[in-house]
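The block underneath contains the structure these notes are about, expressed in structure tokens.
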Amino acid sequence: MFGAGGGTSSYQEIEETDVIVMWGSNARETHPIFFHHLLKGVRNGARLFVVDPRRTSSAKWADRWLGLNVGTDIALANAVAREIIHAGLYNETFVRRATTGFEELKAAVEPWTLEVAAQETGVPADSIRELAHAYARADRAQICWTLGITEHHNATDNVRALINLSLLTGHVGRYGSGLNPLRGQNNVQGGGDMGAIPNRLAGFQDILDPEVRQKFGSAWGVEIQPRYGKHLTQMLEAMDEGTLTSVYCIGENPAQSEADAGHTIKRLKGLDHLVVQDIFLTRTAELADVVLPAAAAWCESDGTVTNSERRVQRVRKALDPPPGARDDIDIICEIARRMGHDWNHPSAEDIWNEVRSLSPMHYGMTYERLERLHGIQWPCFSLDELEPTYLHHRLWEADPDKRGEPAPFKAVEHALPVDVLDDDFPLRMTTGRRLDSYNTGVQSSGYDSPLRRGETLDLGPEDAEQLGVTEGELVRIVSRRGSIIAPVRLDTALRRGLVFMTFHFPDEIDVNALTIEATDPIAGTSEYKATAVRVERLSRAEAEKGLIAQRKQAQDRAALAR
Ligand SMILES: Nc1nc2c(c(=O)[nH]1)N[C@H]1C(S)=C(S)[C@@H](COP(=O)(O)OP(=O)(O)OC[C@H]3O[C@@H](n4cnc5c(=O)[nH]c(N)nc54)[C@H](O)[C@@H]3O)O[C@H]1N2
Ligand SMILES: Nc1nc2c(c(=O)[nH]1)N[C@H]1C(S)=C(S)[C@@H](COP(=O)(O)OP(=O)(O)OC[C@H]3O[C@@H](n4cnc5c(=O)[nH]c(N)nc54)[C@H](O)[C@@H]3O)O[C@H]1N2
Ligand SMILES: [Mo]
């Protein structure tokens with residue numbers, strides 16, 4: 001709805017706001033630098049609410065933890081919206097001037113009384129009311145979210161439910177008030193900004209816009225087709241259909257990161273041609289026809305990265321890559337040359353200047369300025385001025401011409417996760433991260449860490465007692481797609497019926513053998529956050545045999561791939 005995709009506020013504003021809602025984000029472990037800014041905000045008097053089924057280490061810093069049932073965020077957000085409307089706390093002027101669809105929203109949230117929502121979400125009515133009033137009354141307020149919101153089959157609706165709250169209260173487009181999706185990998189924001197998304201070229205310029213195609217086409221000497229590409233899920237589906245037969249995979253390990261790993265590996269194996277460009281020989285690389293060893297972008301090559309506050313920063317080469325490995329830019333240019341296009345091996349700065357010439361929102365960011373100003377947030381249209389640190393200020397203009405298009409409310413309906421709980425699969429498993437490890441473990445599990453304890457099935461003491469399992473015991477975890485064996489770890493952060501695992505150690509315990517591929521129709525993201533499972537006790541002999549078989553299976557998979 002807001003065009004360019006990015007968090008609306010700067011980190012500095014988190015330090016100077018009054019209410020912070022962390023919704024489905026465990027930033028204490030996953031965005032520690034951002035969390036540091038957040039804690040400064042708390043020290044400056046901000047109230048912190050955390051909405052997460054687990055009482056995470058982030059939640060431990062909160063004034064109020066709202067421990068909702070997995071997948072009930074829309075029910076909660078709709079109840080917050082209703083309470084704000086009924087208590088007369090919404091920003092009438094902002095709603096009238098800068099939004100559309102208020103009446104539809106009002107009607108859609110009407111059934112969500114505090115009591116109905118408490119029943120559905122498991123969050124006490126008082127806590128919901130407190131969040132609604134604190135957020136609406138605050139002078140400045142921030143909603144930050146991450147995967148607890150977006151890794152669901154209805155991810156886009158979840159996000160819209162949160163946007164509705166900010167539009168109701170006018171907590172967007174002002175200093176200190178905003179909506180902030182915290183980004184995942186180092187430069188995931190920059191990847192999208194550069195056009196590594198199916199529908200936009202660099203600077204979020206729409207491929208269907210003829211002027212945009214003309215501009216890029218003439219700079220590149222090619223004709224750009226007016227059609228959108230595929231996102232990852234559509235690519236995987238196209239592999240099933242046999243319409244996608246070759247893949248060039250750069251810096252991604254889908255064999256272990258995609259939901260329903262068994263299915264993913266079958267698809268990758270079925271390709272006619274798979275090229276993997278990575279800094280490690282990953283499980284995905286083991287399936288490849290060609291492996292291109294790359295230099296690590298953050299220390300072995302030059303360039304820029306863009307963080308969650310849209311700040312473009314320079315990174316510099318500090319080390320030479322190991323023999324045989326080459327800069328990603330180098331590899332891509334060399335492939336182009338062998339395909340008959342000589343790009344003259346540009347430097348990172350040459351490429352950046354091309355970006356600046358084509359993407360107006362990056363135009364003002366010369367390397368010299370990036371260096372001098374310690375990074376610059378987009379948009380940056382001019383060589384000598386900077387824009388405000390926050391987005392969407394136009395919504396507050398009194399002059400309708402300057403205000404432009406209003407921001408639409410979007411009424412959204414609550415829908416439970418696709419993988420339903422029943423007698424055979426009575427427990428809700430959610431998956432996520434720990435501070436000490438990184439994603440599929442490629443970059444983190446090769447090194448010892450005093451913090452890291454390997455994969456475990458985390459569950460609350462009540463469930464452990466009911467199942468008759470104890471800390472350290474090996475159990476089998478079964479979903480509708482697969483089963484794995486893992487040791488139990490007791491965690492008082494988990495309420496009854498909720499279990500947690502990471503996906504950090506797939507070579508030993510492949511949690512994505514369990515997860516479901518149900519995806520959001522717009523974003524294409526899988527519902528990693530909601531799997532229905534059961535836990536089975538094992539005899540000691542069964543457990544040991546099972547674990548050995550599991551390890552061997554992983555090794556065989558690798559050997560087979562080779
Ligand atoms: N240390 C470390 N840091 C990382 C990463 C890493 O692997 N390790 N990975 C990076 C990447 S790629 C990303 S995308 C980010 C992810 O950052 P986060 O999204 O913060 O990480 P997760 O642990 O996946 O999920 C966040 C929380 O969502 C909660 N959750 C689960 N289901 C629901 C739900 O239905 N509703 C709500 N409200 N919450 C729910 C979980 O309990 C969990 O605490 O982290 C980045 N940072
Ligand atoms: N169960 C479960 N599964 C999940 C998630 C979850 O919460 N639960 N989260 C999902 C999310 S949010 C994400 S982002 C994905 C992550 O999924 P992936 O991106 O597939 O996982 P990573 O382990 O981060 O793999 C990144 C790869 O990039 C390589 N790499 C790093 N730097 C460079 C470089 O400079 N150049 C090149 N060429 N390669 C490089 C690394 O060696 C590594 O192999 O996992 C998803 N899978
Ligand atoms: Mo991510």
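The values are calculated or read from the model by the stated rules, or taken from the named source; none is laboratory data. Since the structure is predicted, the reported quantities are computational estimates derived from the model, not experimental observations. Neighbour counts run over all protein chains shown; Cβ positions are idealised from the backbone, glycine included. For the accessible areas, the whole protein counts, side chains as well, though only heavy atoms, and no ligand, DNA or RNA atoms are used. Shrake-Rupley method; radii C 1.70, N 1.55, O 1.52, S 1.80 Å.
For the stretch 240-284, which semi-axes, largest first and in whole Å, follow from the square roots of 5 times the eigenvalues of its Cα gyration tensor?
17, 14, 7
By DSSP, what percent of the beta bridges with both residues in the stretch 191-305 are antiparallel, rounded to the nearest 5?
20 percent
Could you tell me what percent of the accessible area of the stretch 188-377 is made up of carbon and sulfur, with a 1.4 Å probe and every protein chain present?
For the stretch 188-377, the apolar C and S fraction of the accessible surface comes to 54 percent.
Projecting each Cα onto the charge dipole of the stretch 478-562 (Lys/Arg +1, Asp/Glu -1 at the beta carbon, about the Cα centre), which of 538, 553, 505 comes out farthest on the positive side?
The listed residue farthest towards the positive side: 538.
Over 31 Å between Cα atoms: which of 269/545; 266/529; 60/230 fall into that group?
60/230
If we sort 371-382, 54-65 on the protection proxy, mean other Cβ atoms within 10 Å, highest first, what's the order?
In descending order of packing, they fall as 54-65, 371-382.
Is any residue of the stretch 341-376 close enough, with backbone N under 13 Å, to a label point placed 7 angstrom from the Cα of residue 219 along the Cα-Cβ axis, and if so, which?
350-365
Based on Cβ point charges of +1 for Lys and Arg and -1 for Asp and Glu, what charge dipole magnitude is obtained for the stretch 188-377 about its Cα centre, in debye rounded to the nearest 20?
320 debye
Over its Cα atoms, what ratio of radius of gyration to 2.2 N^0.38 Å does the stretch 11-182 give?
Here the Cα radius of gyration is 0.94 times the empirical estimate.
Starting at 0 and stepping by 10 Å, how many percent of the alpha carbon pairs of the stretch 102-249 end up in each bin?
For the stretch 102-249, the binned pair fractions read 9, 24, 30, 21, 13, 3, 0 percent.
Using square roots of five times the C-alpha gyration tensor eigenvalues, list the equivalent-ellipsoid semi-axes of the stretch 1-71 in whole Å, biggest first.
19, 17, 11
Which Cα, out of 430, 122, 75, lies furthest along the positive dipole direction of the chain (beta carbon charges, K/R +1, D/E -1)?
Among 430, 122, 75, the one farthest towards the positive end of the dipole of the chain is 122.
Give the accessible area for residue 263 in Å² (nearest 10); use a 1.4 Å probe, count only protein heavy atoms, and leave out ligands, DNA and RNA.
Roll a 1.4 Å probe over it and residue 263 shows about 60 Å².
Among rounded, prolate and oblate, which fits the stretch 427-561 when a ≥ b ≥ c are the square roots of the eigenvalues of its C-alpha gyration tensor, a/c under 1.5 means rounded, and a/b larger than b/c means prolate?
Note, shape of the stretch 427-561 comes out rounded.
Between the alpha-carbon centers of the stretch 1-67 and the stretch 345-413, tell me the distance in whole angstrom.
The stretch 1-67 and the stretch 345-413 have Cα centres spaced 24 Å from each other.
Suppose R0 equals 22 Å; then what is the FRET efficiency for residue 345 and residue 298 from their Cβ-Cβ distance, rounded to the nearest 0.05?
0.55
Can you pull a Stokes-Einstein diffusion coefficient for the chain at 10 °C (1.306 mPa s), Rh from Kirkwood over Cα pairs, as a whole number of µm²/s?
For the chosen part, D equals 63 µm²/s.
Sort the following peptides by mean Cβ neighbour count (other Cβ atoms within 10 Å, averaged over residues), highest first: 264-273, 499-508, 484-493.
Those peptides, ordered most packed to least, come out 499-508, 484-493, 264-273.
Could you state how much accessible area residue 327 has, in square angstrom rounded to the nearest 10, with a 1.4 Å probe and all protein chains kept in place?
Rounded to the nearest 10, the figure is 40 Å².
How much mean residue ellipticity at 222 nm does the chain get from its helices, if each DSSP H run of length 4 or more adds -39500 (n - 2.57) and you divide by all residues, to the nearest 500 deg cm²/dmol?
For the chain, the value works out to -9500 deg cm²/dmol.
How big, in percent, is the set of alpha carbon pairs in the stretch 188-377 lying more than 21 Å apart?
59 percent
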